[in-house]
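The values are calculated or read from the model by the stated rules, or taken from the named source; none is laboratory data. Given the structure is predicted, the values throughout are model-derived calculations rather than measurements. For neighbour counting, all protein chains shown are included, and Cβ atoms are generated from backbone atoms with ideal geometry for every residue, glycine included.
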Amino acid sequence: AEYGMIKVETRGKVGLVTLDRPAALNALCDQLMTELGQALKGFDADPAVGAIVLTGSEKAFAAGADIKEMKDRSFPAVHFEDFIGNKWETVLTIKKPVIAAVAGFALGGGCELAMMCDLIIAGENAKFGQPEIKLGIIPGAGGTQRLIRAVGKSKAMDLILTGRMMDAAEAERANLVTRVVPVESLLEEAVKMAGVMASYSLPSVAMAKEAVNAAYEMTLREGVRFERRLFHSLFATEDQKEGMSAFAEKRKPDFRNA
Ligand code: HXC
């Protein structure tokens with residue numbers, strides 16, 4: 001497919017989506033989000049791809065939803081359209097792991113998009129924030145809900161009520177990101193990490209991320225029960241037999257995603 005605001009390529013078994021709207025610091029307008037959704041769905045359906053990396057430029061992952069596109073919208077318009085709705089949440093429906101590789105600004109909807117991914121790896125120059133309060137609004141793509149789960153109440157309140165930016169070191173201390181790396185090696189590190197995930201049996205990888213993500217939405221008892229059902233179901237796969245036989249026979253497994 002041909003896209004105007006993103007770039008899409010594969011590196012080995014890793015699908016790479018690069019947000020590419022430099023003139024607006026990758027502001028997430030309607031067209032960009034439509035293209036991103038199509039690209040993510042495309043990779044999810046592609047048997048040659050095992051994991052996905054979502055990144056931006058060295059200057060910006062994404063500076064938020066497109067303020068100029070939103071500024072004249074009315075309450076009934078945004079309400080009845082359910083802005084931001086399904087289009088923004090496509091990433092939540094993807095079964096393969098999605099890694100956000102964040103350099104530069106990840107603000108507002110950009111920070112929320114990164115948090116909707118399965119994990120975030122940051123470049124040293126990354127800056128995270130929810131500056132919506134400065135515009136007379138609040139986060140609208142899950143920021144108030146996901147940030148508190150990642151960094152706890154005090155820091156979530158601090159960021160959301162002051163609108164200040166948090167640098168990569170603070171984001172790592174606060175557990176928003178798994179790792180901080182030099183900007184030059186960010187993409188390489190993210191692709192390497194995704195490549196490790198893509199080397200395993202896809203059914204197990206998909207179920208593992210589904211189970212971890214379910215913890216956001218369930219009680220401990222329900223979550224453990226959900227995990228147990230998925231765990232048992234993997235004994236119906238050929239890859240479970242292969243993985244365990246390979247261990248017993250001291251050889252490398254040959255996973256077939258079956
Ligand atoms: C539209 C944006 C934009 C945005 C930057 N631009 N962010 N356009 N929407 N969110 C545009 C600028 O208007 C400018 O265009 C060009 O990108 C470069 O930006 P500058 O401001 O000149 O760059 P700089 O001085 O380096 O400052 C970078 C910045 C600043 C600190 C990131 O751009 C900024 O504060 N951006 C807005 C951040 C923000 O408030 N995000 C939250 C949005 S609300 P021109 O044409 O002038 O060169 C949101 C709600 C989500 O995300 C809710 C769910 C949908």
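Could you tell me how many of the residues in the stretch 182-200 are touching a residue at least 40 places away in the same chain (Cβ under 8 Å) and over 18 Å from the mean Cα position of the chain (by Cα)?
Qualifying residue count, the stretch 182-200: 4.
Taking the stretch 28-48, which residues are surrounded by 17 or more Cβ atoms within 10 Å (Cβ to Cβ) and either in contact (Cβ under 8 Å) with a residue 60 or more places away in the chain or closer than 15 Å to residue 87 by Cα (or both)?
Result: 28, 29, 32, 33, 35, 36, 37, 39, 40.
Confirm whether residue 164 is within 13 Å of the ligand (Cβ to nearest atom) and either in a loop (DSSP other than H, G, I, E, B) or under 15 Å from residue 27 (Cβ atoms) (or both).
In short, yes.
Taking the stretch 54-81 as the search range and keeping residues that are among the acidic types (Asp, Glu) and not in a loop (DSSP other than H, G, I, E, B), which one is surrounded by the most Cβ atoms within 10 Å (Cβ to Cβ)?
Only one residue tops the list, namely 69.
Among the residues of the stretch 201-219, is any under 24 Å from residue 144 (Cβ atoms), more than 19 Å from the chain's Cα centre (by Cα), surrounded by fewer than 16 Cβ atoms within 10 Å (Cβ to Cβ) and free of Cβ contacts under 8 Å to residues at least 24 places away in the same chain?
yes
Quick one: in the stretch 109-154, of everything that is out of contact with any helix residue (DSSP H, G or I) (no Cβ under 6 Å at 6 or more places or on another chain) and away from the ligand (no atom under 16 Å from the Cβ), which residue is farthest from residue 40 (Cα to Cα)?
154
Quick one: residue 74 ticks every box in (1) modelled with pLDDT under 95; (2) closer than 24 Å to residue 130 by Cβ bar one, so which box is it?
In the conditions (1) modelled with pLDDT under 95; (2) closer than 24 Å to residue 130 by Cβ, residue 74 misses (1) alone.
Could you identify the single residue in 7, 87 that is surrounded by fewer than 18 Cβ atoms within 10 Å (Cβ to Cβ), within 14 Å of the ligand (Cβ to nearest atom) and basic (Lys, Arg)?
Working: 7 fails: within 14 Å of the ligand (Cβ to nearest atom).
That would be 87, the only listed residue that is surrounded by fewer than 18 Cβ atoms within 10 Å (Cβ to Cβ), within 14 Å of the ligand (Cβ to nearest atom) and basic (Lys, Arg).
Within the set of pairs 6 or more residues apart or between chains, which connect a residue that is over 21 Å from residue 121 (Cα atoms) inside the stretch 154-179 to a residue that is part of a helix (DSSP H, G or I) and at pLDDT 95 or above with Cβ atoms less than 6 Å apart?
163/131; 163/133; 163/134
Residues checked against (1) of a type outside the set (Gly, Ala, Ser); (2) under 18 Å from residue 57 (Cα atoms); (3) in contact with a His (Cβ under 8 Å, 6 or more places away or on another chain):
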{"residue": "116", "(1), (2), (3)": "yes, no, no"}
{"residue": "135", "(1), (2), (3)": "yes, no, no"}
{"residue": "138", "(1), (2), (3)": "yes, no, no"}
{"residue": "160", "(1), (2), (3)": "yes, no, no"}
{"residue": "163", "(1), (2), (3)": "no, no, no"}
{"residue": "167", "(1), (2), (3)": "yes, yes, no"}
{"residue": "189", "(1), (2), (3)": "yes, yes, no"}
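Does residue 106 fit the bill of being surrounded by 14 or more Cβ atoms within 10 Å (Cβ to Cβ), assigned to a loop (DSSP other than H, G, I, E, B), within 15 Å of the ligand (Cβ to nearest atom) and not hydroxyl-bearing (Ser, Thr, Tyr)? It would help to see each step written out before you state the result.
Numbers: surrounded by 14 or more Cβ atoms within 10 Å (Cβ to Cβ): yes; assigned to a loop (DSSP other than H, G, I, E, B): no; within 15 Å of the ligand (Cβ to nearest atom): yes; not hydroxyl-bearing (Ser, Thr, Tyr): yes.
Answer is no for this residue.
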